[in-house]
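Notes follow once the structure below has been shown.
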Amino acid sequence: MNIATADETAVQVRGACPHDCPDTCSFITTVENGVATRVQGNPSHRHTDGALCTKVSRYTERTYHPDRLLQPLRRSGPKGSGQFEPVDWDTALDDIAHRLKDIAARSPQAVVPYSYAGTMGQVQGEAMAARFFHRLGASFLDRTICSSAGGEALVQTLGGKLGMKVEHFAQSKLILIWGSNSIGSNLHFWRLAQQAKREGARLVCIDPRRTETADKCHEHIALRPGTDAALALAVMHQLIQHGWLDHDYIERHTLGWEALRERALQWPPERAAEVCGVPVQQIVDLARDYGTTKPAAIRLNYGMQRVRGGGNAVRAIACLPALVGAWRDPAGGLLLSASGHFPVDRAALQRPDLLGTHRPRTINMITIGDDLLRESSPEFGPKIEALVVYNSNPVAVAPDSGKVVQGFLREDLFTVVLEHFQTDTADHADYVLPATTQLEHWDIHTSYGHTDVLLNRPAIAPAGQARTNTDIFRALATRMGFDDPCFADDDLALCRAAFGDAVDFQQLLDQGFATLALPEAPFAQGGFSTPSGRCEFHSARLAAQGQDGLPDHLPNFETPGSSAYYPLAMISPPARNFLNSTFVNVQSLRDIEGEPVLEIHADDAEPRGIQSGQVVRVFNDRGEYRCKARVSHRARPGVVNGLGIWWRKLGLDGTNVNQVTSQRLTDMGRGPVFYDCLVEVAGVPAAG
């Protein structure tokens, strides 16, 4: 279980990073006399290679943070005041179970779970929790806040969340880093890209923001937000015009080529340049490089699909490798997500059979602001009376947060939050229950950036009275009278059940990770996981839903130039030292970030009289927030970058960037449109 070290008082325990990042690192925790003293990357795990990001390398600061929640709390003041009193576990759990029973007796669907990727673990995520809510008959939650548009696009095009193996990017000769600030959000891929660059590969960054990654690439294409599909279609146009196509691969392994060809020919570079706001020659050069360089690889990330046409954009880009036959080479193709490769037995973990005759409605986590304010109706169903939040901080991260806060402030809403810290969401709870961190529990992890399964062992005992998510839901199940044997499964048993016999669990115990047995080039001979077995340029499934079966450019809901009042497009990429709203309260990381910042180009700052360091209002019809302006070349003209996601209470005025984002949904996958947002920016006069 533990690795002995030279110091007999110290042991090293293998674990896995739980956070929402494609790298899913294997780490080693050094424990001395029961205290975790260091977290470091596992040198034996090839994808981690001994290195962790700045955030996770400081994980002990998070676990031993002075503000860590260490006992159950019950609200003692007004909703949202953050006023609580300590109670013992029995008191908290008894009252929570009593309240949930009363609500469920009227309508179990009035209870809504709210969770996402505070941990990516299969056990502390949706295992015992899912069993509890299935048995209760609570509303389903549509967990769409991050990646669902792009994920659905991959399913419709490639047949699943599948792609090339990340390690082969090191042998690529052209790498398009599309919608990804890899230096900050995909560190271990970036090391592979740098290796390829040293060996002669050309790196092109496609991103509205001039990121730290763009600084290190040979070229940066600063397109407008939401125009990625137009760029991809123009690349196709040039591939067709110049004959840079693999006709054999297209004939053998694709579906819908003639229709896609006709669509692409409607997008000459001149048209796309007008839409994207980039020079025509950049598009021509990009297409030439992509059509004539082999092997060519695309590292796509999720930022670019957080707009109205995000699914169509991913579909268009995902068609490109098949057009040039890039899939033939292990170092060619595309990677957005590898998560579809993992044979997780979710039915064994989550036990949907516990639903019995219940057929709950589904609440989309994006629209929680509106949904918390809805009354009962035949269309909506029962009014939401209880919310159980775990692995998420919706008051900070959900869009249109003014409405989210309004909903959470309802006196008739019973809210339970499982947390490590007193987040914005915890401030609005009736009960806050202290949860364990990754160093204190068992879990098992997939990855969306590589193809290894990782096991996380508890390195230390839980701090204070903290309990695992699984233990909390087991205890609630007992109090609810749920006597199904599955609620007695311990966490190690759940880890074993996650993959059944598909993964060697002894190997996980022995070394902490196991690599899936997969072909080096997954689609070299076709074999796509679509109904046709081909890369589906045309999706009959989408057409059957009334959508366009071919990828196309869908303009943003809020297109620049469409509003005289709000002329600036805004995107809200993560601050480099935060991960969504996680780590915001780690002082050493917050010190690096300083204050909430809006990057604005000089061409937009000057006519507004805005200077770097000045407090500005960022506003639209949904709301406003205040932050510090940074006049910067990282913003392109017409686009401002509101770096997030700060906790609201750590912002300049008790709000954050999501005060201005909308609850509208993407073209497919029912995802958020965080980067489809028009605003205006104005300076705030200095006090006095």
In whole Å, how far is the Cα centre of region 126-195 from that of region 597-644?
30
Pairs of Cα atoms farther than 16 Å apart, region 248-361, %
74
Give me the number: length gained by fully extending His247 to Thr9, i.e. 0.36 nm times residue separation minus the C-alpha to C-alpha distance, one decimal in nm.
79.2 nm
When the Kirkwood hydrodynamic radius is evaluated over all pairs of different C-alpha atoms of region 160-261, what value in angstrom, to one decimal, is obtained?
15.3
Which order do the peptides 309-317, 224-232 come out in when sorted by mean C-beta neighbours inside 10 angstrom, highest first?
309-317, 224-232
Give the list, by residue number, of cysteines in the chain with no other Cys Cβ closer than 4.7 Å, or say none.
Cys21, Cys53, Cys146, Cys276, Cys319, Cys486, Cys495, Cys535, Cys627, Cys677
Placing unit charges on C-beta atoms (Lys and Arg positive, Asp and Glu negative, everything else neutral), compute the dipole magnitude of region 20-124 about its Cα centre in debye, rounded to 20.
260
Figure the gain on full extension for Ala517 and Gln406 (residue separation times 0.36 nm, minus the Cα-Cα span) and round it to one decimal in nm.
35.0 nm
Rounded to 0.05, the calculated FRET efficiency for the beta carbons of Leu652 and Glu606 at R₀ = 30 Å is 0.85
Across every pair of different alpha-carbon atoms, what Kirkwood hydrodynamic radius in Å does the chain reach?
25.9
Can you give the charge dipole size of the chain about its Cα centre, rounded to the nearest 20 debye, using +1 on the beta carbon of Lys and Arg and -1 on the beta carbon of Asp and Glu?
720
Positive dipole terminus of the chain, leading residue within Thr451, Gly464, Leu334 (C-beta point charges)
Leu334
Express the relative contact order of the chain as a whole percentage, based on alpha carbon pairs under 8 Å and six or more residues apart in sequence.
20
Roughly how many percent of the accessible protein surface of the chain is carbon and sulfur, given a 1.4 Å probe and a whole-percent answer?
48
Could you calculate the contour length gain from Asp621 to His633, that is, 0.36 nm times the residue separation minus the distance between their Cα atoms, to one decimal place in nm?
1.6 nm
At a Förster distance of 45 Å, what's the computed FRET efficiency of Arg46 paired with Phe380, Cβ-Cβ distance as r, to 0.05?
0.35
Listed here are the pairs Lys55/Lys649; Lys197/Lys294; Lys55/Lys79; Lys55/Lys216; Lys79/Lys628; Lys403/Lys649; which of them are more than 24 Å apart at the Cα?
Lys55/Lys79; Lys79/Lys628
Say each of Ala543 and Glu85 gets a label point 7 Å from the Cα, pointing the same way as Cα to Cβ; how far apart are those two points in nm?
6.6
Name the residue farthest towards the positive end of the dipole of the chain from the options Ser76, Ser44, Leu355, assuming +1 on Cβ of Lys and Arg, -1 on Cβ of Asp and Glu, about the Cα centre.
Ser44
Accessible area per residue, 1.4 Å probe, Å², for the chain: what's the number?
35
Can you show me the helix-derived [θ] at 222 nm for the chain, built from DSSP H runs with n ≥ 4 at -39,500 (n - 2.57) apiece and divided by the number of residues, rounded to the nearest 500.
-8000 deg cm²/dmol
Quick check: the distance between the Cα centres of region 538-568 and region 440-505, to the nearest angstrom?
41
With each label point set 7 Å from Cα along the Cα-Cβ vector, what nm distance links Arg346 and Val35?
4.2
Quick one: grab the alpha carbon gyration tensor of region 157-218, order the square roots of its eigenvalues as a ≥ b ≥ c, and give me rounded if a/c is under 1.5, else prolate or oblate depending on whether a/b is larger than b/c.
oblate
Take Ser529, project a point 7 Å from its Cα along the Cβ direction, then tell me which residues of region 327-360 have their backbone nitrogen under 17 Å from it.
334-348
Would you mind working out the magnitude of the charge dipole of region 277-364 relative to its Cα centre, with +1 at each Lys and Arg C-beta and -1 at each Asp and Glu C-beta, to the nearest 20 Debye?
340
If the label point sits 7 Å along Cα→Cβ of Glu595, residues of region 670-688 with amide N under 16 Å come out as 682-688
When DSSP beta bridges are limited to those with both residues in the chain, what percentage is antiparallel, rounded to the nearest 5?
50
Loop-exposed GluC sites (Glu not before Pro) per DSSP, neighbour cap 13 Cβ within 10 angstrom, longest uninterrupted part of the chain
9-198
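The values are calculated or read from the model by the stated rules, or taken from the named source; none is laboratory data. The structure displayed is predicted, hence computed values, not measured ones. Here Cβ is always computed from backbone atoms with ideal geometry, including for glycine, and neighbour counts include all displayed protein chains. Ligands, DNA and RNA are excluded from the accessible area calculation, which covers all protein heavy atoms including side chains. Shrake-Rupley method; radii C 1.70, N 1.55, O 1.52, S 1.80 Å.
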